[in-house]
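Data block below; observations after.
The values are calculated or read from the model by the stated rules, or taken from the named source; none is laboratory data. Keep in mind the model is a prediction, meaning the values are calculated, not measured. When we count neighbours, we look across all protein chains shown, and the Cβ atoms used for this are built from the backbone with ideal geometry, even at glycine. Quick note on the areas: whole protein, heavy atoms, side chains included, nothing else; ligands and nucleic acids left out. Shrake-Rupley method; radii C 1.70, N 1.55, O 1.52, S 1.80 Å.
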Amino acid sequence: MPAAPIPPAFERLGGRRFLFYPAILRVPANEWTFRHATWSEVMVRNASSGRDLWISRRFLGELSERGRDPVVSLLEKLEFRNGYVYPCRRRVIEMPLGGSSSALDQQRGRRAAVVSIRLEARNESRASRMAGSAVALGVLGCLAVVGYSLQGGDAHRRAAVSSLERTYLALSGADTYRTVILALGVPDRERWVVTSSGNRIRLLNYADRGFQAVLLPQPGVDDRYAGAVDERGRILQSVVLPNGGLSTPVLLDLEQRDLEH
């Protein structure tokens, strides 16, 4: 197999020290040297601590030499955690709308104010009846608008949360075990299963996001990403494997197993 090419940004450096922008979080000194490259990652060394880190090629941008020190741009903000470099992602936290939850509960449970209309049985006119109807319709209209707004806000929050649950869509059949961990983070659980066709498969369970990443062992190289399934083995994503075939047949075998245990 031919050697992996050096990314153009690092080839132009010629062994010089450089900075990352934005700087990798949780790393005290932002000064690095290039060490090694594979087809999917590069190894860099921190000039202060001497620690070597692997960074996926997908996060690397262009080289800028306008300032005193060369700068390699990062396409995503990264952080150092548990010995690896991960994308720095913000968790979406649902917040109450317009104040505390108790105030909202009181507002939702509060009945519409009753408009006191004194009707004189003998002197009631058509105008007074129309005025009472207009007030009632106005109250009902306000309640409908409030209900629609609350439902719309909930829908936006659900959409924001669901986007975190589909982070696997950024992966492909070219990703290895290491790059999957870099993209998705450390799984809640990791195990091996054997499908009904005899294929040995590695499962990375992300229970808080409701999916499992599937990896296939490859002879002589790191395990390759083959797609994602839910907790019961139903296919969420299939990919094109390095041999040109689809991973769908392998993932369909998982549907024949009970993956909840």
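Below is a table of values for the structure above.
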{"item": "Scan of segment 187-210 for residues that are over 17 Å from residue 237 (Cβ atoms) and in contact with a Phe, Trp or Tyr (Cβ under 8 Å, 6 or more places away or on another chain), ordered by number", "result": "188, 200"}
{"item": "Residue check for residue 212: at pLDDT 90 or above, closer than 29 Å to residue 60 by Cβ and of a type outside the set (A, V, I, L, M)", "result": "yes"}
{"item": "Segment 21-49 residues that are at positive phi and touching a residue at least 12 places away in the same chain (Cβ under 8 Å), paired with ones that are in a strand (DSSP E or B) and open to solvent by 50 Å² or more (accessible area, probe 1.4 Å) (beta carbon under 7 Å, 6 or more apart)", "result": "26/81"}
{"item": "Top-ranked residue of segment 232-247 - restricted to ones that are polar (S, T, N, Q) and over 20 Å from the mean Cα position of the chain (by Cα), ranked as nearest to residue 213 (Cα to Cα)", "result": "247"}
{"item": "Residue 136 outside any loop (DSSP other than H, G, I, E, B), open to solvent by less than 70 Å² (accessible area, probe 1.4 Å), at pLDDT 65 or above and farther than 30 Å from residue 23 by Cβ", "result": "yes"}
{"item": "Tabulated pairs, segment 199-222, first under 16 Å from residue 172 (Cα atoms) and assigned to a strand (DSSP E or B), second polar (S, T, N, Q) and open to solvent by less than 10 Å² (accessible area, probe 1.4 Å), C-beta under 7 angstrom, 6+ apart or interchain", "result": "203/212; 204/212"}
{"item": "Count of segment 32-60 residues which are open to solvent by 20 Å² or more (accessible area, probe 1.4 Å) and not in a loop (DSSP other than H, G, I, E, B)", "result": "11"}
{"item": "Segment 7-19 residues that are closer than 19 Å to residue 56 by Cβ and in contact (Cβ under 8 Å) with a residue 40 or more places away in the chain, paired with ones that are open to solvent by 10 Å² or more (accessible area, probe 1.4 Å) and part of a helix (DSSP H, G or I) (beta carbon under 8 Å, 6 or more apart)", "result": "7/57"}
{"item": "Enumeration of residues in segment 63-92 that are among the charged types (D, E, K, R) and modelled with pLDDT of 90 or more", "result": "76, 77, 79, 81"}
